[in-house]
1. Write down the Kirkwood hydrodynamic radius of the stretch 56-133, to one decimal in angstroms, obtained as one divided by the mean of 1/r over all alpha carbon pairs.
2. Within the stretch 91-123, whose backbone N sits under 18 Å from a point 7 Å along Cα→Cβ of Ser144?
3. Considering the Cα trace of the stretch 3-70, what is its radius of gyration and what is Dmax, both in angstroms?
4. Report relative contact order for the chain in percent, whole number only (criteria: Cα-Cα under 8 Å, sequence separation at least 6).
5. Rounded to whole Hz and in sequence order, give me ³J(HN,Hα) for the stretch 198-208 from the Karplus expression 6.51 cos²θ - 1.76 cosθ + 1.60, θ = phi - 60°, writing x for Gly and Pro.
6. So how much slack lies between Asp133 and Lys27, counting 0.36 nm per residue of separation and subtracting their Cα-Cα distance, in nm?
7. With an 8 Å cut-off on Cα pairs and a minimum separation of 6 or more residues, tell me the relative contact order of the stretch 3-70 in percent.
8. Quick check: net charge around Glu209, other residues with Cβ under 14 Å of its Cβ, Lys/Arg +1 and Asp/Glu -1?
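Bear in mind that the values in this text are calculations on the coordinates, not laboratory data. Just so it is clear, the model here is predicted, and its values are computed rather than measured. Cβ placement follows ideal geometry from the backbone for every residue including glycine, while neighbour counts extend to all protein chains displayed.
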Amino acid sequence: MPIVYGRNPVKELICSDKTINKIFIQKGIRELSELKKLALDKRIVVVDADKNKLDKLTDKGVHQGIVAAFTEYNYYDVEDILEYAKERGEPPFILILDKIEDPHNLGAIIRTAECMGVHGIIIAKRNSCQITDVVEKVACGACSYMRVARVSNITESIKKLKSKGVWIYGLDMNGKSKIYDYDLKGSIGLVVGNEGDGISRLVKENCDEILEIPMKGNINSLNASVSAGMAVYEVIRQHKR
C-alpha cells in the first residue's frame with residue numbers, strides 16, 4: 001500500500017482526489033489537530049499511533065508525526081463505461097450507488113456486478129465510500145476488472161445518462177412497481193441507495209421509475225449489497241430471456 005508522510009505532503013493528499021485508506025497521527029502532537037480535523041471532515045479514518053509505528057511505516061523517514069496510506073485504483077469516466085458496453089455490442093447496464101458508506105457493501109456490490117456482467121459502477125466523490133484496501137479485499141479481485149467512475153454530482157450524471165437513452169430505475173422499499181413485474185430490457189441505470197436513508201430526494205426525483213423488491217417476512221428491509229445483487233440478477237435474467 002503506497003504511503004505519503006510529512007505535514008505538507010499529507011495535507012496536499014487530503015485535498016486531492018486520491019482515496020485515502022487511513023491517516024496515522026502520532027499521539028500528543030497538538031500542531032496536527034488541524035490536519036486531523038481536515039481529515040475527519042472528509043470522513044477519512046484517523047488512527048492515533050506511537051512514534052515507533054510511524055518510524056516502521058516510513059522506514060525511519062522524517063514523517064513529522066503523520067503518515068497517510070492511500071489507494072492507487074485508477075477510476076474511469078462515465079463515458080468509458082458507455083464505450084465499453086458499445087464495444088461488447090450490449091445495451092449499457094450501469095449501477096449507480098447513492099452514498100453507499102460501508103466498504104463491505106461496496107466491495108460486495110463490485111464483486112456481484114463483475115460476476116454478472118455489469119458494465120460499470122458510478123459513485124460520488126464525496127459522502128460515499130471509495131475504493132480502499134478493505135473494498136478490494138471484499139471484492140476478491142473484482143476491482144481489477146470493474147469500471148468504477150467517480151462523479152461530483154450523481155443527479156447530473158443521471159441526467160446525462162438519460163439524455164443518451166439510458167433508463168434509470170431506483171430501488172426503494174416503497175416503489176410503485178415490483179421489480180419482477182417490470183420490463184427491464186434495454187439500456188439500464190440501476191440506483192442503489194444509502195444503507196440507512198435509501199435514495200436521496202433529488203436522485204429519486206430524477207429516476208424514471210422507483211421499483212421495490214417484494215418481501216414476505218416481518219423485516220421489510222435488505223442489506224444494500226443484497227438488494228443490489230437481487231436486482232442485478234433480475235435485469236440479467238430478463239436480458240437473457
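1. 14.8 Å
2. 107-108, 110-117
3. Rg, Dmax (Cα atoms, Å): 10.6, 29.
4. It comes to 18 percent, rounded to a whole number.
5. For the stretch 198-208, the Karplus-derived couplings read x, 7, 5, 4, 4, 5, 4, 5, 9, 7, 6 Hz, x marking Gly and Pro.
6. Stretched out fully, the Asp133 to Lys27 stretch lengthens by 35.7 nm.
7. 52 percent
8. -2
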